[in-house]
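J.: Would you mind keeping the following structure in view while I ask a few things?
Taken together, the values in this text are just the output of simple stated rules run on the coordinates, not laboratory data. The structure displayed is predicted, hence computed values, not measured ones. With ideal geometry, Cβ positions are generated from the backbone for all residues, glycine too; neighbour counts draw on all protein chains shown.
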């Protein structure tokens, strides 16, 4: 059974979540400092770490950077949210928690990290939409449009098999009827996207909270990417249900093959 480290063991929500967690993993709930927890995770004492319900995002991210370390060949750390809608649809959303104003190279690397994670978190082929206020040039000239197009060019060059397209508006990304009007007919993504890449942290954070607050979505995350093991940076407003769902997603990422979500 996979093991998950919970260094905020004294938190009431963590304690309440433990019985549910024990049904699918071995929770190691021991109160400790973040640095010590990251060191244990790096040493292989657990498969993943659930943190952030008491500590700030900055605290969690810096501890991971300094003590856990980055994945080889990666310069950027990022985050994702797993969004489950009441009708059964699942979306992966990034980045709403870490990279404020990504450059072309940073956003390209974020997409690479998220795509790799989505291959484990989705039961379907990842289809990546680079979100914007514009769909395929409808917004005229803007630096945000240039960013998406430059990222798309980089991804097509580096990963020709990746299903990715943009720039596109959210409705064109997920609604087939609207995609027919706004997107090229040969787009491999428009109308069927399941991985949504926001242009910056403002859009990503607002979008995930809108899913949660207005669409009654179940949301896991933020889950940090780019470090040597899966780590959550829970919202400090997380519920017991959020904790359990995030743990399930973390362990799915930690598994070498897909596990049941």
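J.: Taking R0 as 25 Å, what's the FRET efficiency between residue 65 and residue 87 from their Cβ-Cβ distance, rounded to 0.05?
T.: 0.10
J.: Shifting gears a bit: Treating the angle as unsigned and between 0 and 90°, give the value, to the nearest 10°, between the Cα long axis of helix 240-254 and the longest Cα principal axis of the chain.
T.: With both axes taken from Cα atoms, the answer is about 80 degrees.
J.: Taking other Cβ within 10 Å of each residue's Cβ, how do 178, 145 sort, fewest first?
T.: Placing the least packed residue first, the sequence is 178, 145.
J.: How high is the FRET efficiency between residue 18 and residue 157 when r is their beta carbon distance and R₀ equals 51 Å, given to the nearest 0.05?
T.: 0.60
J.: Also: Picking from 77, 245, 214, which is most flexible by a Gaussian network model of the chain using Cα springs under 10 Å?
T.: In this elastic network of the chain, the residue with the biggest mean-square fluctuation among 77, 245, 214 is 214.
J.: While we're here: Please report 91, 208 as a ranked list, fewest other C-beta atoms within 10 angstrom at the top and most at the bottom.
T.: With the fewest neighbours first, 91, 208 line up as 91, 208.
J.: Got a sec? How would 219, 174 order by Cβ neighbour count within 10 Å, fewest to most?
T.: Ascending number of Cβ neighbours within 10 Å: 174, 219.
J.: If one takes the longest principal axis of the Cα atoms in the chain, at what angle in degrees, from 0 to 90 and to the nearest 10, does the Cα axis of helix 12-21 lie?
T.: Helix 12-21 and the main axis of the chain meet at about 80 degrees.
J.: Quick one: check the C-alpha center-to-center distance for segment 238-257 versus segment 80-124, whole angstrom.
T.: Measuring centre to centre over Cα atoms gives 15 Å.
J.: For the chain, find the longest principal axis of its Cα atoms and tell me its angle to the long axis of helix 201-214, 0 to 90°, nearest 10.
T.: Approximately 80 degrees, to the nearest ten.
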